[in-house]
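*Asks:* Before I ask anything, here is the structure I am working with.
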Number of protein chains: 2
Amino acid sequence: MARDNFATRLNAAVRDYGPLCVGIDPFFPSLPPELRERVVTRTEEAAAVGIFADSIIDAVEGIVGVLKFQVGYFEKYGAAGYVELESAVRRARNAGFVVIADAKRGDIGSTMKAYADFYMEVLDVDAVTLNPYMGSDVVKPFLPYAERGKGAFLLSRTSNAAAAELQEVSAREGHPYYLYLTERVLSWQQDLEPDNDGYLPFGIVAGATAPEEMALLRSRFPQLPMLVPGFGFQGGSAEDTAPAFDGNGTGAVVNSSRGIIYAFAGDSVPRDWREAISDAARSAQVALKNAANAS
Amino acid sequence: MARDNFATRLNAAVRDYGPLCVGIDPFFPSLPPELRERVVTRTEEAAAVGIFADSIIDAVEGIVGVLKFQVGYFEKYGAAGYVELESAVRRARNAGFVVIADAKRGDIGSTMKAYADFYMEVLDVDAVTLNPYMGSDVVKPFLPYAERGKGAFLLSRTSNAAAAELQEVSAREGHPYYLYLTERVLSWQQDLEPDNDGYLPFGIVAGATAPEEMALLRSRFPQLPMLVPGFGFQGGSAEDTAPAFDGNGTGAVVNSSRGIIYAFAGDSVPRDWREAISDAARSAQVALKNAANAS
């Protein structure tokens, strides 16, 4: 039997816990001091990063429904990093989280098949981020996974400072490139069935740092679930994320990485860093639920 | 002391050996039967892929100067694949090849710093392919490596079937998006010095399957070295690659993966598969030298 559409599962997690997606971007120099002690080699650094990732998963269990792993922070350590990534993703899946691998891969069809093997089979995540610049070849090897309840988020309007440079160029008169690209993302799914709420399993990345563009994307593409980065550390407020949601407070997950996982760094009164992470996730979840329901 | 500019080193390899870059895209089902025997587990598959990669390196030593590793075929096996990638890249570097990692990474600045750590420090390749859709943030963490003789190739007009979908959209009247994007690639290097031949260390990917677009790119951007995929298996002929070269037969390397590394597959008279790879590299090198010198 086919599993639920990825979008259905994502929206269920948003209904059950709220729209927060915790981003696991473990940067060694920012880890709690006790995890950095006695670390000398790169392999030890990778192991500390793995322990930190596991601790984040445990600290937010029951508070959030969606986790996003930034693959770059694990690939940094090569093979040693992938040992930790594979182990942390397994822990997250066993705990029942919806798991997104933030890989932003995009290549020719034969190579994308290899990437799909890793992300959809070996790592067995629920969704992966993809870069659509190379066209439909990027997404094709992932389409068959839709019936297994998996999906992807294609980059549309990203949250970084330099995003506008290449994404807001006019592709047609008054029609910026990221809109044109998003039309393609929709057309690549013409053979897939939307779920009961009208959502397709391959959504888009739309940054909270560009709320007007996000609002435009939500109104033009009600079928596409959104992964919203840029909330918190990158400058987007909870209110900025409101335009990403549909009228039911669903349709989007909002990622926060540094604002949650390094919440202990700003503590004036010392407390356990795991508690600081749990508390930050709880507060962000409340703020985002308010934004989602105000939309 | 600063090492030679990456472009200078790339062009030296083209002068010494010819423009062929051998692409190491090891796909297990296509490996020589003797390497597939008795392989059961994924880890054993990864090990066979590693042996094959090492054998390719040995078979083309003295025939070609540049190797490109397709990272996706190694990431397919997760940690086990990275063990093989790291080991094969070490072998290639020790043998004196110019080594390109075909990763097509592209993300926000902090994540690109992590990717730069891996590719430029841990793997220590000469160049990496990058996807510029997220703007200058993608390339910034790589710019400081220019003075250590390293570089990158940014996707411009790729070789795959679906490339035109998003790359040939008009960004301004009659000005396709890939040209607009390539102008940005040039501007991101405004603080870098060109080498004695006028080349900068961050070049572009321009597919042999679109020779007219490649010719346009070469004439508009004489400063940018080119990595040309799509020759051979993907359909581009040696003649199709001619427009990529400057008047001196340099300025571009032409990748061939499947046409070289699986050359043994079409053998009617059986011979050692390593010899078939060496022979295919020799013939491709001759055909490409002719094309480069005819330009």
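The values are calculated or read from the model by the stated rules, or taken from the named source; none is laboratory data. Just so it is clear, the structure is predicted and the values come from calculations on it, not from any experiment. Neighbour counts are summed over all protein chains in view; Cβ atoms, including those assigned to glycine, are modelled from backbone coordinates with ideal geometry.
*Asks:* Could you check, for segment A:82-92, whether at least one of its residues is within 11 Å of chain B (Cβ to nearest Cβ), out of contact with any helix residue (DSSP H, G or I) (no Cβ under 8 Å at 6 or more places or on another chain) and of a type in the set (A, V, I, L, M)?
*Replies:* The answer is yes, given that some residue of segment A:82-92 is within 11 Å of chain B (Cβ to nearest Cβ), out of contact with any helix residue (DSSP H, G or I) (no Cβ under 8 Å at 6 or more places or on another chain) and of a type in the set (A, V, I, L, M).
*Asks:* Do we find that A:Asp58 is in contact with a helix residue (DSSP H, G or I) (Cβ under 9 Å, 6 or more places away or on another chain), farther than 18 Å from A:Val128 by Cα and not basic (Lys, Arg) in this structure?
*Replies:* Numbers: in contact with a helix residue (DSSP H, G or I) (Cβ under 9 Å, 6 or more places away or on another chain): yes; farther than 18 Å from A:Val128 by Cα: yes; not basic (Lys, Arg): yes.
Considered against the rule, which asks whether it is in contact with a helix residue (DSSP H, G or I) (Cβ under 9 Å, 6 or more places away or on another chain), farther than 18 Å from A:Val128 by Cα and not basic (Lys, Arg), A:Asp58 comes out as yes.
Conditions tested, residue by residue: (1) within 11 Å of chain A (Cβ to nearest Cβ); (2) surrounded by fewer than 24 Cβ atoms within 10 Å (Cβ to Cβ); (3) not aliphatic (A, V, I, L, M).
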{"residue": "B:Lys68", "(1), (2), (3)": "no, no, yes"}
{"residue": "B:Val71", "(1), (2), (3)": "yes, no, no"}
{"residue": "B:Lys104", "(1), (2), (3)": "yes, no, yes"}
{"residue": "B:Gly109", "(1), (2), (3)": "yes, yes, yes"}
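*Asks:* Mind checking which residues of segment B:190-208 are of a type outside the set (D, E, K, R) and surrounded by fewer than 20 Cβ atoms within 10 Å (Cβ to Cβ)? Outline the logic, then answer.
*Replies:* The initial filter retains those residues of segment B:190-208 that are of a type outside the set (D, E, K, R), namely B:190, B:192, B:194, B:196, B:198-208.
Those that are of a type outside the set (D, E, K, R) and surrounded by fewer than 20 Cβ atoms within 10 Å (Cβ to Cβ): B:Gln190, B:Leu192, B:Pro194, B:Asn196, B:Gly198.
*Asks:* Inside segment B:227-244, can you point out the residues that are within 9 Å of B:Gly207 (Cα to Cα) and modelled with pLDDT of 95 or more?
*Replies:* Within segment B:227-244, B:Leu227, B:Val228, B:Pro229, B:Thr241 qualify.
*Asks:* Residues of segment B:24-44 being among the charged types (D, E, K, R) and within 11 Å of chain A (Cβ to nearest Cβ), which ones?
*Replies:* B:Asp25, B:Arg42
*Asks:* Here's something else I'd like to know. Given the condition touching a residue at least 60 places away in the same chain (Cβ under 8 Å) and over 18 Å from B:Asn131 (Cβ atoms), answer yes or no: does some residue in segment A:171-193 qualify? Steps first, please.
*Replies:* Going residue by residue through segment A:171-193, those that are touching a residue at least 60 places away in the same chain (Cβ under 8 Å) are A:193.
After this cut, where a residue has to be over 18 Å from B:Asn131 (Cβ atoms) as well, the list is A:193.
So far as segment A:171-193 goes, yes, one or more of its residues are touching a residue at least 60 places away in the same chain (Cβ under 8 Å) and over 18 Å from B:Asn131 (Cβ atoms).
*Asks:* Out of everything in segment B:266-295 that is free of Cβ contacts under 8 Å to residues at least 24 places away in the same chain and among the polar types (S, T, N, Q), what residue ends up being nearest to B:Phe245 (Cα to Cα)?
*Replies:* If we take residues in segment B:266-295 being free of Cβ contacts under 8 Å to residues at least 24 places away in the same chain and among the polar types (S, T, N, Q), then B:Ser283 is nearest to B:Phe245 (Cα to Cα).
*Asks:* Please find, within segment B:129-145, the residue that is surrounded by the fewest Cβ atoms within 10 Å (Cβ to Cβ) out of those that are aromatic (Phe, Trp, Tyr) and more than 8 Å from chain A (Cβ to nearest Cβ). Write out each step before concluding.
*Replies:* Just the residues of segment B:129-145 that are aromatic (Phe, Trp, Tyr), to begin with: B:133, B:142, B:145.
Now narrow it down to the ones that are more than 8 Å from chain A (Cβ to nearest Cβ): B:142, B:145.
Details: B:Phe142: 25, B:Tyr145: 20.
The qualifying residue surrounded by the fewest Cβ atoms within 10 Å (Cβ to Cβ) is B:Tyr145.
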